[in-house]
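The values are calculated or read from the model by the stated rules, or taken from the named source; none is laboratory data. Bear in mind that the values here come from a model prediction, so they are computed numbers and not experimental data. Neighbour counts run over all protein chains shown; Cβ positions are idealised from the backbone, glycine included.
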Amino acid sequence: MDIWEQPGWPSFHWNDAALIGPLAEARLNQGRWLGRMQSLGFDLQRESQLQALTDDVVKSSEIEGDILDRASVRSSLARRLGVAGAAAKPADRRTEGVVEMMLDATANFDASLTAERLFAWQAALFPTGYSGLARIRAGAWRDDARGPMRVVSGALGRERIHYQRRRRRGSRPRWPPS
């Protein structure tokens, strides 16, 4: 069952007592890390930020099965962060789109997650309106006009379907969640 099919979606409930300890530990480690960063010079801070963001973009993409070239990701990030001399390799459109989306998500983490923002991320990830050879609706809600939405991987003709949304008549995601 997908998260959006859970009873009570999108209203989440959690156990405060179970989360307070791990959250406090994470906050303590964050404070220690920030203290160490302040003791470094500006150039080392920028380099650390560049390294952390590069790792974040590459690893997040790997989770989705999308392997990005580390040097291209680093170059794209360096150019955007103004780190001189670090932008050594040009990045392709796909890498640029992932970097744009990740920078917006991390730099504007406290901004509302609106339909417009989601559509902008999708448009950055699929600037041509294609995912491989398949035409997609970028920057809009998906519909079932060409069949149900699927998450697929594998070689052409030997695709593996990881997920297929059940068809629902006239339905569209509720956004923002109420």
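Across segment 134-146, which residue is farthest from residue 105 (Cα to Cα) among those that are in contact (Cβ under 8 Å) with a residue 12 or more places away in the chain and over 21 Å from the mean Cα position of the chain (by Cα)?
Once the filter is applied, the top-ranked residue is 144.
How many of the residues in segment 115-145 are assigned to a loop (DSSP other than H, G, I, E, B) and of a type in the set (Ser, Thr, Tyr)?
Going through segment 115-145 one residue at a time, the tally reaches 1.
Just a yes or no: is a residue in segment 46-57 within 30 Å of residue 164 (Cα to Cα) and not charged (D, E, K, R)?
Yes: segment 46-57 contains one or more residues that are within 30 Å of residue 164 (Cα to Cα) and not charged (D, E, K, R).
Examine segment 109-122 for a residue that is over 13 Å from the mean Cα position of the chain (by Cα) and within 23 Å of residue 45 (Cβ to Cβ), and state whether such a residue exists.
yes
If I ask for residues that are surrounded by 12 or more Cβ atoms within 10 Å (Cβ to Cβ) and either closer than 20 Å to residue 65 by Cβ or not hydrophobic (A, V, I, L, M, F, W, C) (or both), which ones from segment 96-112 would you list?
Within segment 96-112, 96, 97, 98, 99, 100, 101, 102, 104, 105, 106 meet the criteria.
Select from segment 70-95 the residues that are touching a residue at least 24 places away in the same chain (Cβ under 8 Å), surrounded by 14 or more Cβ atoms within 10 Å (Cβ to Cβ), out of contact with any Lys or Arg (no Cβ under 9 Å at 6 or more places or on another chain) and over 12 Å from residue 54 (Cα atoms) and list them in ascending order.
Result: 94, single match.
Under 7 Å by Cβ, and 6 or more places apart or on different chains, what pairs join a residue from segment 147-173 that is farther than 18 Å from residue 64 by Cα with one that is at pLDDT below 80 and among the acidic types (Asp, Glu)?
Here the result reads 167/144, each pair linking segment 147-173 to a residue that is at pLDDT below 80 and among the acidic types (Asp, Glu).
Taking the options 67, 20, 63, name whichever one is β-branched (Val, Ile, Thr) and either surrounded by 13 or more Cβ atoms within 10 Å (Cβ to Cβ) or farther than 17 Å from residue 94 by Cβ (or both).
Exactly one of 67, 20, 63 is β-branched (Val, Ile, Thr) and either surrounded by 13 or more Cβ atoms within 10 Å (Cβ to Cβ) or farther than 17 Å from residue 94 by Cβ (or both), namely 20.
If the requirement is being modelled with pLDDT under 75, out of contact with any helix residue (DSSP H, G or I) (no Cβ under 9 Å at 6 or more places or on another chain) and not aliphatic (A, V, I, L, M), which of these qualifies: 93, 158, 150, 167?
Matching residue, one of 93, 158, 150, 167: 167.
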